[in-house]
1. So what are the ³J(HN,Hα) numbers for the range 198-211, from phi and the Karplus equation (6.51, -1.76, 1.60; θ = phi - 60°), rounded to whole Hz, Gly and Pro as x?
2. How high is the FRET efficiency between D68 and L199 when r is their beta carbon distance and R₀ equals 51 Å, given to the nearest 0.05?
3. Considering only the other residues whose Cβ falls under 12 Å of the Cβ of G51, what net charge follows from Lys and Arg at +1 and Asp and Glu at -1?
4. Mean 1/r over all different Cα pairs, inverted: what Kirkwood radius does the range 1-51 give, in Å?
5. With a 10 Å radius around each residue's Cβ, average the other Cβ atoms per peptide and rank 230-240, 133-143, highest first.
6. Cα-based Rg of the range 81-215 per 2.2 N^0.38 Å, rounded to two decimals?
7. If you plug each phi of the range 224-233 into the Karplus form 6.51 cos²θ - 1.76 cosθ + 1.60 with θ = phi - 60°, what whole-Hz ³J(HN,Hα) values come out, in order, with x for Gly and Pro?
8. Taking the Cα centre as origin and putting +1 on Lys and Arg beta-carbons and -1 on Asp and Glu beta-carbons, what dipole magnitude results for the chain, to the nearest 20 debye?
Amino acid sequence: MSRVVLVTGGTGGIGSAIALEMAKNGYDVVISYVQAQDKAKDLQKTIAGYGVRSMCIQADVSKEADVDAMVTQIEKELGGVDILINNAGIDLPDLFSNKTAEQFRRVLDVNVVGAYNCAKRVYRHMLAQEYGRIINISSTNGMNTYYPMCFDYDASKAALNALTHDLAVQFAPYVHVNAIAPGFIGTEKELEGYDPEFLKEETDKILVKRYGRPEEVASLVRFLVSEEADFINNTIIRIDGGQMGSC
């Protein structure tokens, strides 16, 4: 029986690319979503075409009860989560003076607490079978690329990087925990609303002079969960085309 992969935030550009890449390579795939039910259903149909088992489940990862119900359903129907991709995340960009503590907390709740909730819930199964992989989708915004319009997002990704290291130590030796830090990835959401001049300025900061593709992030995920990457643990891998830091 193939490994079961849970992709949170599975209907977004990067999430759906990961889900498809895993299905293409024979993994059973579970997509979690909050609102985009139609997208989730369509994606599930596509995934089913690869001959693997699939599910889509509505869940707010920031809520423990939602995560528990989701994973319990997966355990009943598919046996458990072998590979967790913590991809769910939100960004609420605005001027510093307009930001509220409520907005800040919401970003942290989804981006950091959500990853923690999912990891804590699935690792029981992973530990019992002495195998598991957790990949947190972070961002270069949590490392050396900062935008004051989204300081709460930047802080959340820095916290996610720290969480990655702590979980890797906590779950060793059987569960490997790594993070991927994408730079400027050209998803529909990422490109929406930006004028050509801004996009040129951003790509000029990247050594390969283009923004990345969701499929490139998905390929890195597929490698990290493969046997070839068995000696990679407790690390954060940038995938940014050589992006230079900015502020």
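Derivation of every value follows stated rules applied to the coordinates shown; laboratory data play no part. It should be emphasised that the depicted structure is a prediction, and the values quoted were computed from it without experimental measurement. All Cβ positions, glycine included, derive from the backbone under ideal geometry; neighbour counts span all protein chains shown.
1. Result, rounded to whole Hz: 5, 4, 5, 4, 6, 5, 5, 7, 9, 4, 8, 6, 7, 8.
2. Details: r = 41 Å, r/R0 = 0.81.
The formula returns an efficiency of 0.80 here.
3. Numbers: positive: K24, R53; negative: D28.
Net charge in that neighbourhood comes out at +1.
4. Values: mean 1/r = 0.0948 Å⁻¹.
Kirkwood radius, the range 1-51: 10.6 Å.
5. Details: 230-240: 15.2, 133-143: 24.0.
The peptides rank, most packed first, as 133-143, 230-240.
6. Numbers: Rg = 16.5 Å, N = 135, 2.2 N^0.38 = 14.2 Å.
Computed over Cα atoms of the range 81-215, the ratio equals 1.16.
7. Running phi through 6.51 cos²θ - 1.76 cosθ + 1.60 with θ = phi - 60° gives 5, 8, 7, 5, 4, 9, 4, 9, 9, 8 Hz.
8. Values: 24 positive and 33 negative charges, 74 e Å.
Charge dipole of the chain: 360 debye, to the nearest 20.
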